[in-house]
Structures are given as structure tokens and as C-alpha cells.
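Novice: Structure below; questions to follow.
The values are calculated or read from the model by the stated rules, or taken from the named source; none is laboratory data. Model, not experiment: these values are computed from the prediction. A quick note on method: Cβ atoms are made from the backbone with ideal geometry, for glycine too, and the neighbour counts reach across all protein chains shown.
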């Protein structure tokens, strides 16, 4: 009998403590929390940096990245040199219905064309609309935060 009364008193103490302390719930979407600088939201594409090397496609475990490109002739780098061929990006799509947000594509890109954006509000009523094309991925670049400054002595 004494243990049940002790348990009842402890339970009432917890209840009273919860009633006195204010709630810490954020009333989303009216209030938004400050996100951590390295938040993984959506992957953004900097189109001018993409060289159609396909490293991101080959390293993606979900095969959710689709790239198409073609070769184009470019002027020689030096006077008297021969014209060179360069890859031109035609299509770059990411299917966020398949993506597991592992970030391998961002890490493996040697030309800094893919970045993490902290935006996470891109729900769609139709699953087919989660296939983001090159224009939409480029729009996400506006939300990518500036990289932090390097430590003193870093190159």
C-alpha cells in the first residue's frame, strides 16, 4: 500500500511539473526554427560548373540522377591551337521520390556543381512532380548558404 501511494505522489509530481513549465513546441509553419548550417534539405545544381562527367550518376546508390549532354566544338585555348571539344549539359534531373539524401553525389563532384540547400519544404501532391529538372535545381542554388570562412593558415 505504501509503494502505491509513493508511486501516485511521484506521478502527480511529474504532472504538476509539466503543467508549470512552458511548452517548447515550435508552432510550425507559423514559427520556424533556425536550421543548422549543415542541414541536408534538397540538392542544388550550379549549372555552369557541371561538366557532364557523370561521376554523380555512377556513384548514386539509388540511380535517381539522370544526365544527358552532347559534345560541342570550342575555340582553341591558345592561338594556333586546334579546336577542342567540350561537354554541354542538356538534361540534369534528380528524382527526389527515389533519393535517400546520402550526399554521395555532392561529395564526389570534383567541379563543385552540387550543393546542399537547407530547404526542406518541397512536398508535392503528385509523386511525379518530385522529379526536379535542371531549371528547378538551379533555382535551389539561391538558397545555398555561403561556405564558412577558412581557418587561419588554411589554403
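Novice: Conditions: (1) over 13 Å from the mean Cα position of the chain (by Cα); (2) buried (at least 16 other Cβ atoms within 10 Å of the Cβ); (3) assigned to a loop (DSSP other than H, G, I, E, B). Residue 99 meets all but one. Number of the miss?
Specialist: So residue 99 meets the others, but not (1).
Novice: Here is a further query. For the subset of the stretch 1-58 comprising residues that are in contact with a strand residue (DSSP E or B) (Cβ under 6 Å, 6 or more places away or on another chain) and more than 30 Å from residue 72 (Cβ to Cβ), which member is surrounded by the fewest Cβ atoms within 10 Å (Cβ to Cβ)?
Specialist: 40
Novice: Does residue 43 satisfy being assigned to a strand (DSSP E or B), under 17 Å from the mean Cα position of the chain (by Cα) and closer than 18 Å to residue 141 by Cβ?
Specialist: Yes.
Novice: Tell me yes or no: at least one residue of the stretch 111-122 is assigned to a helix (DSSP H, G or I), surrounded by 13 or more Cβ atoms within 10 Å (Cβ to Cβ) and modelled with pLDDT of 95 or more.
Specialist: no
Novice: Moving on. Only residues in the stretch 45-56 that are without any contact (Cβ under 8 Å) to a residue 24 or more places away in the chain and on the phi > 0 side of the Ramachandran plot count as the first member; pair them with residues that are part of a strand (DSSP E or B) and surrounded by 16 or more Cβ atoms within 10 Å (Cβ to Cβ), Cβ under 7 angstrom, at least 6 apart or cross-chain, and list the lot.
Specialist: Listed by first residue and then by second, the contacts come to 54/67.
Novice: Can you find even one residue in the stretch 19-40 that is in contact with a helix residue (DSSP H, G or I) (Cβ under 6 Å, 6 or more places away or on another chain) and within 30 Å of residue 119 (Cα to Cα)? Give the derivation first.
Specialist: Step one: list which residues in the stretch 19-40 are in contact with a helix residue (DSSP H, G or I) (Cβ under 6 Å, 6 or more places away or on another chain), which gives none.
Checked the stretch 19-40: no residue is in contact with a helix residue (DSSP H, G or I) (Cβ under 6 Å, 6 or more places away or on another chain) and within 30 Å of residue 119 (Cα to Cα).
Novice: Considering only residues that are farther than 24 Å from residue 104 by Cβ, part of a loop (DSSP other than H, G, I, E, B) and modelled with pLDDT of 90 or more, which ones fall in the stretch 125-155?
Specialist: Once the filter is applied, which keeps residues that are farther than 24 Å from residue 104 by Cβ, part of a loop (DSSP other than H, G, I, E, B) and modelled with pLDDT of 90 or more, the stretch 125-155 yields 125, 126.
Novice: Sort out which residues of the stretch 78-90 are assigned to a strand (DSSP E or B) and more than 15 Å from residue 55 (Cα to Cα), and write them in order of number.
Specialist: 84, 85, 86, 88, 90, listed by residue number.
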